1. Is it the case that Gly81 is under 15 Å from the mean Cα position of the chain (by Cα), assigned to a loop (DSSP other than H, G, I, E, B) and in contact (Cβ under 8 Å) with a residue 60 or more places away in the chain?
2. Give the residue, chosen from Arg62, Arg51, Arg26, Arg37, that is open to solvent by 60 Å² or more (accessible area, probe 1.4 Å), part of a helix (DSSP H, G or I) and away from the ligand (no atom under 15 Å from the Cβ).
3. Could we say that Asn172 is in contact with a strand residue (DSSP E or B) (Cβ under 9 Å, 6 or more places away or on another chain) and open to solvent by 60 Å² or more (accessible area, probe 1.4 Å) here?
4. Picking from Ala117, Ala181, Ala151, Ala126, which residue would you name as being over 20 Å from His236 (Cβ atoms) and not in a helix (DSSP H, G or I)?
Amino acid sequence: MSYVDLHCHILPGLDDGAATMEETLRHARRLHAEGVRDVACTPHVKRAHFRGIHLSGLAQAREEAQRAIEGEGLGVRLHPGGELAHRDALLLSPQQLRHIAQGPAGARWLLLECPFAGIDEDFVTAAQRLSVLGYGLLLAHPERAAGGHDALWPLVEAGALLQVNVCSLLGNHGLDVQELAADFVRRGLAYCLASDGHPGSRDHTLQLGFHLLLAAGASSAQAYRLTQSNPRFLLHQGIPSLDFEPVAASS
Ligand SMILES: [Fe+2]
């Protein structure tokens, strides 16, 4: 079996991930060596910070990187994606969103970034909009949000899934984030782990994540689910759109 990473900034020259194709290839060599065989390419879709991304050009950028990777004989498969900021999720057209959706027809889903400033009403509104448009949701690094986590639970009850970062478990974002990440794992709230890799500045892969899970007290079966079978399931089978309960009319 092999690791499946659903969050990685591996495409070159788009955001704060890989700067060049050589850096993309250097990271692909590491992925190959550490047993990561499937990688979703998830550049930031966050116009406030990264203005140069053209969503309609992502497929071609991914194909070029895939060709270069195969040219080196590396067994790393690239998949579509994008790390969608909630403010952009409120603005992008359905046609634009299609360029960064993942999963099969009928169970398409989006990687929605939990804001560092905290989970707020706008984030929930964005999640609801994407759901109305028919998307399932994987919420990226909720442990890195500064607060507002109670607003996540209705989304999780409606079918949103949580993705925790390797770097959070590693302690790179401080003790509070590390403890929250471990807590999400311990309580079974984390559906999968991701590298959120930024080649050149954040190079670790899911192999490290697997061992960090074991060190944090997860069983080998749970570590396997979080780094391999669960993300593989999302890649191939998708996520149903969220099922929000209608708000009951007050009497
Ligand atoms: Fe990311």
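The values are calculated or read from the model by the stated rules, or taken from the named source; none is laboratory data. The structure presented is a predicted model; accordingly, all values stated were derived computationally and were not measured. Positions of Cβ are backbone-derived with ideal geometry, glycine not excepted, and every protein chain shown enters the neighbour counts. Accessible surface areas use protein heavy atoms only, side chains included; no ligands, DNA or RNA. Shrake-Rupley method; radii C 1.70, N 1.55, O 1.52, S 1.80 Å.
1. Criteria met by Gly81.
2. Answer to the selection: Arg26.
3. Details: in contact with a strand residue (DSSP E or B) (Cβ under 9 Å, 6 or more places away or on another chain): yes; open to solvent by 60 Å² or more (accessible area, probe 1.4 Å): yes.
Answer is yes for this residue.
4. Values: Ala181 fails: not in a helix (DSSP H, G or I); Ala151 fails: not in a helix (DSSP H, G or I); Ala126 fails: not in a helix (DSSP H, G or I).
After ruling out the rest, the residue left standing is Ala117.
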